[in-house]
Structure formats: C-alpha cells, structure tokens
1. Name the single residue, out of those in region 185-219 being at pLDDT 90 or above and among the small types (Gly, Ala, Ser), that is farthest from residue 135 (Cα to Cα).
2. Residues that are over 30 Å from residue 189 (Cα atoms), out of contact with any strand residue (DSSP E or B) (no Cβ under 7 Å at 6 or more places or on another chain) and surrounded by fewer than 18 Cβ atoms within 10 Å (Cβ to Cβ): does region 33-49 have at least one?
3. Using the structure shown, decide if residue 59 is at pLDDT below 95 and assigned to a strand (DSSP E or B).
4. Please go through region 93-125 and give me each residue that is within 16 Å of residue 169 (Cα to Cα) and charged (D, E, K, R), ordered by number.
5. Show the residue pairs meeting these rules: Cβ distance below 6 Å; 6+ apart or different chains; first residue within region 108-130 and over 19 Å from residue 50 (Cβ atoms); second residue of a type in the set (Ser, Thr, Tyr).
6. If residue 68 passes every condition in (1) aromatic (Phe, Trp, Tyr); (2) modelled with pLDDT under 85; (3) within 30 Å of residue 160 (Cβ to Cβ) but one, which one does it miss?
7. Being crowded, with 21+ Cβ neighbours inside 10 Å and either at pLDDT below 90 or touching a Ser or Thr at 6+ places or on another chain (Cβ under 6 Å) (or both) is the filter here, so list the residues in region 80-97 that pass it.
8. Go through 100, 77, 15, 117 for me and flag whichever is closer than 22 Å to residue 177 by Cα, in contact with a strand residue (DSSP E or B) (Cβ under 8 Å, 6 or more places away or on another chain) and either modelled with pLDDT of 90 or more or among the aliphatic types (A, V, I, L, M) (or both).
Amino acid sequence: MDVFENWDHWIETPLGTWMLQQEQYWMDQSLEDVFGYNAVQIGPSKLDCLRSNRIQCKARFCFSMTTFLKNHNSNTLVVSQDLLPLESQSIDLFVLSHVLETIKNPHQFLREVERVLIPEGKLIMCGFNPVSLWAINRKFNKNDFIDGMGDWISINRLKDWCELLDLKIIGGEYSMYLPPFNSQRWIKKFRWMENAGARWWPTTGAVYYLTAIKRNSCMSLIAPKKWRSPKFKKHSATSMGKTICREFKKNEAR
C-alpha cells in the first residue's frame, strides 16, 4: 500500500485543497530557476512539484502499483522505500513532499537520497510542523486528518540528520498559519492569519520547507612547509680580531 493513497481523499476536502494550493504555489516559485540535467520528485499524486522547473529529464517515484496506475505518465516509476534504483551522484534536484513523515525508516531513505545526489545537488524537503495548531488538532482529533501517517519530524531533528549526511541547509520557510478549519467559509475568514503569522509567530506554520545542498567532498591539500632562513652565530669585535690574526699567522707560516 502506498503511503499517499489516503491523500487523494483528504486533498479533496476544503482544508486539503487549501494546503495543496499553498504548496503548489511555493514549489512553482522556488523551483523555477533550479537548473540541472535530472530531477526526481516524490509526494502526493495531485501535487506536481516540478511543474514550473526547466530541467528536461524529470521523473516521479511512487511506492505502489496502485499509485502507478493512477498516474497516466510515462515518467512515473515504482521504487522501494529502502533502496533507490539510481546510480550514485546522478540527480541534480530531488524533491520530497511529505515523504519522511509517512515512511517507516525516514533516516535510511534520506541517506539514499544523499547517495544519488550529485555534489552541490539540491534537495527540497516539505513536511508537517509538530509545533503548530495543526499538530494540536491532530493530537485530539486523529480521525479528521490523513490516515496512516507516522510521527511528524521536527526541523531540528531533520537538521541533525542532514548534518550527519553532509547535507547543508541553505534555506527554510514556513506556511499555513491558519487553524485547521475544514470549511471553505472559515478558511476565507481566517486567511488574514497567513500574513500575520509570518510576521508575529513565524515558526508555528503547519508546513515547513527546507532547502539543502550536498557538500562537495574533495581532496585536502597539504600546505608546504615554511622556509626558515639559516641562523648565523654573531661574533663580537674582539673574537673577530682574534680570528683574523690566527688566519694571518697561518698564511705567513706557509
């Protein structure tokens, strides 16, 4: 069973539709000018993270045949959660939209993503923030949210994973500050909280976006040794006079 099979029903709700629109807008604005040769995305089927990107060779990965049959796209491939069927250092851009909080072993999967990224390749991660109004609502009303989701991963924990895998965080952003009202009417009334939240409580957005690049490991050159000028013994005037007399007597004896 694919981890995103339950998303198709939830995204059709007013709250899911609003979140889909916000994430699609962020992806279109942020990934438009990311260049390279190969790009891969994993996420909900109705979210096209690479829609505005200019990379020619794009692929979408999924984890089950059911999702594969729903996507009528020749660039969709079924992959395993444990091993990606890609060569090491072959991908320029990798986008993970709500993947790490829905799979069994997120750290191992992130290690696989780091393996296939080229040096200085870019990784985009999108996930739910465990410090938000949505997290509080999920704790008390689990039936109102997506079924089959695991624990939400905090940004600090994700940063620690990236540090261990030589992935450098270069940017981050939050969005979705309004309360989780599953009603179109209430969503329209509380839209003002998007601008207010970004200013007054910026780290409590329901969704976060992180941008990381793979560090380029190279050879460390050994610095040359510093040249030290030779030190000469200092002679006083008396000792220099004795030396001259001694040499003069030797010459006379010859």
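The values are calculated or read from the model by the stated rules, or taken from the named source; none is laboratory data. Quantities reported herein were computed from a predicted structural model and do not represent experimental measurements. When we count neighbours, we look across all protein chains shown, and the Cβ atoms used for this are built from the backbone with ideal geometry, even at glycine.
1. Within region 185-219, the match that is farthest from residue 135 (Cα to Cα) is 212.
2. Checking region 33-49: at least one residue is over 30 Å from residue 189 (Cα atoms), out of contact with any strand residue (DSSP E or B) (no Cβ under 7 Å at 6 or more places or on another chain) and surrounded by fewer than 18 Cβ atoms within 10 Å (Cβ to Cβ).
3. Yes.
4. Within region 93-125, 111, 114, 120, 122 meet the criteria.
5. Here the result reads 115/88; 129/208; 130/154, each pair linking region 108-130 to a residue that is of a type in the set (Ser, Thr, Tyr).
6. For residue 68, the failing item is (3).
7. The answer is none; no residue qualifies.
8. Numbers: 77 fails: closer than 22 Å to residue 177 by Cα; 15 fails: in contact with a strand residue (DSSP E or B) (Cβ under 8 Å, 6 or more places away or on another chain); 117 fails: closer than 22 Å to residue 177 by Cα.
Among 100, 77, 15, 117, only 100 is closer than 22 Å to residue 177 by Cα, in contact with a strand residue (DSSP E or B) (Cβ under 8 Å, 6 or more places away or on another chain) and either modelled with pLDDT of 90 or more or among the aliphatic types (A, V, I, L, M) (or both).
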